[in-house]
Amino acid sequence: MNKFPHHDIIHSIKEVDTPFYLYDMDLLHTTLVAAKAAADRRGYVIHYAVKANNNHPILAAMRDIGFGTDCVSGNEVARSLEVGFDASMVDFAGIGKTDEEIEVGLDAGIFSFNVESLEEMEVIDELAGKRGKKANVSLRINPNIDAHTHKNITTGLSENKFGLDLTLLPKLVDNIRKFQHVSIKGLHFHIGSQITDLEVFKQLAVKASQLNDYFLNQGFQFEHINLGGGLGVSYHHPTQKRMVDFESFFKIFEENLTLPVGTKVHFELGRSLVAQCGILISKVVYVKAGLSKRFLILDGGMTDLIRPALYQAFHLTENICRDEEAEKYDVVGPICESTDIFGEDVLLSKSYRGDLIAIYTTGAYGQVMSSKYNMRDRAKAYYVSQGKLYSEESYLGE
Ligand code: LLP
């Protein structure tokens, strides 16, 4: 039978409530230890990108290992503080920060607002002034680097809405000195997500260093430089490649960054820290014979995991109840949308009503992007550690 991890545990939950997310907290821990060791070796600081998965046990693991957070909403900033991250380790990016969200960050005195436009800088300056405070800000520069990733998750090209465009830098330099209530501490970059070509990060390191020099020549000496996240994971071989190679990732930066001594280097990793530790488990409701196709209709759908519908993303799918001769299925969800498809012509063990299907690599951008469309309930989360099963409450209570 199957080599699938946590098989018995999953079977103990299945009668209750499929679909559900299952998080392997031991794998998460091993991954975080490896990332931290590779970063520490170079004196680099990691902020966890909360948007990838904001479940409390996951955030607590990030806090306990000593990472900061990277937030894109006032609620993510507030969540980080509630969970116990120090404000000095929280950064806040996003092109549309509202006044209320900025105030959350100002009141807490966060590490950095990653500012994406001059218009935003003006508002932060004004709000900080009203509070008699000085806001720490970094300039998010759009370095115009092609991340060679899916067009919907690339952010570092000029035509993207993110960051300050390179052509605007002279204007920026002329203008930013007038802001009295901001303290410009650093530069920030994030060029996209699920980047698997490390050459792209080399280009980023070189460009970021050049831009740092440019600002230095204009009289700006930055305390830190933040290179964002984006490191991709293996969606095709999740059981063989359970962890990404953090060492090679950080080494690229070590070899290609040329920054003044003492500049602190920060990263904002999301997917690479949490993607492989999560699996979505769903039950076969019907095996439906079509004209020429066979549909495996699951009780989980795009409301639980939207990545296939939104980005045509591939997630490895496996029947964890049996290991019979493989057959081809279109694996689909029950939602009234034609794009509610996990995969077409997927080779799976011959499957039957009631079988459980594992959908891998769903720890990042899975549960967080779920919705209640069609008035569906949201999938629950369970956690496995040292062979024991926990709900969120019981895990945190341990
Ligand atoms: N920093 C910033 C400013 C970001 O916008 C992001 C992700 C990250 C860090 C973390 O990137 P990561 O290490 O996770 O690649 N929903 C999409 C991914 C969207 C990523 C948005 N930004 C997906 O499911 O593929």
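The values are calculated or read from the model by the stated rules, or taken from the named source; none is laboratory data. Remember, predicted model here, so these are calculated numbers, not experimental data. Cβ: placed from backbone, ideal geometry, glycine included. Neighbour counts: every protein chain shown. Note: areas computed on protein heavy atoms with side chains; ligands, DNA, RNA excluded. Shrake-Rupley method; radii C 1.70, N 1.55, O 1.52, S 1.80 Å.
If only one of ILE95, ILE13 is open to solvent by less than 50 Å² (accessible area, probe 1.4 Å) and not aromatic (Phe, Trp, Tyr), which one is it?
Values: ILE95 fails: open to solvent by less than 50 Å² (accessible area, probe 1.4 Å).
One residue alone meets the criteria, ILE13.
When ALA135, ALA147 are screened for being more than 18 Å from LYS185 (Cβ to Cβ), buried (at least 20 other Cβ atoms within 10 Å of the Cβ), touching a strand residue (DSSP E or B) at 6+ places or on another chain (Cβ under 6 Å) and in contact (Cβ under 8 Å) with a residue 12 or more places away in the chain, only ALA147 passes. Would you mind stating whether VAL182 is of a type in the set (A, V, I, L, M, F, W, C), out of contact with any Leu (no Cβ under 9 Å at 6 or more places or on another chain), away from the ligand (no atom under 16 Å from the Cβ) and not assigned by TED's automatic domain parsing to the domain that holds ILE306? Answer is yes for this residue.
Note on region 102-127: residues that are under 19 Å from ASP165 (Cα atoms) and within 16 Å of the ligand (Cβ to nearest atom) amount to 6.
Of all residues in region 165-217, exactly one satisfies the criterion of being within 25 Å of ASN152 (Cβ to Cβ), of a type in the set (Lys, Arg) and open to solvent by 70 Å² or more (accessible area, probe 1.4 Å), namely LYS202.
Restricting attention to region 178-204, the residues being under 21 Å from the mean Cα position of the chain (by Cα) and within 16 Å of LEU139 (Cα to Cα) number 6. Output the residues belonging to region 98-112 that are out of contact with any Leu (no Cβ under 9 Å at 6 or more places or on another chain) and surrounded by fewer than 20 Cβ atoms within 10 Å (Cβ to Cβ). Correct list: THR98, GLU100, ASP107, GLY109.
Here's a check for you: in region 347-390, which residue that is aromatic (Phe, Trp, Tyr) and in a loop (DSSP other than H, G, I, E, B) is most open to solvent (accessible area, probe 1.4 Å)? Before you say what the answer is, go through the steps one by one.
Initially, region 347-390 is screened for residues aromatic (Phe, Trp, Tyr), giving 352, 360, 365, 373, 382-383, 390.
From what is left, the residues that are in a loop (DSSP other than H, G, I, E, B) are 352, 360, 365.
On the way: TYR352: 86, TYR360: 16, TYR365: 40 Å².
By that ranking, first place goes to TYR352.
Apart from one condition, ALA87 fits all of (1) surrounded by 14 or more Cβ atoms within 10 Å (Cβ to Cβ); (2) at pLDDT below 95; the exception is (2). When residues in region 61-73 are screened for being open to solvent by less than 10 Å² (accessible area, probe 1.4 Å) and either on the phi > 0 side of the Ramachandran plot or assigned to a helix (DSSP H, G or I) (or both), 1 of them pass.
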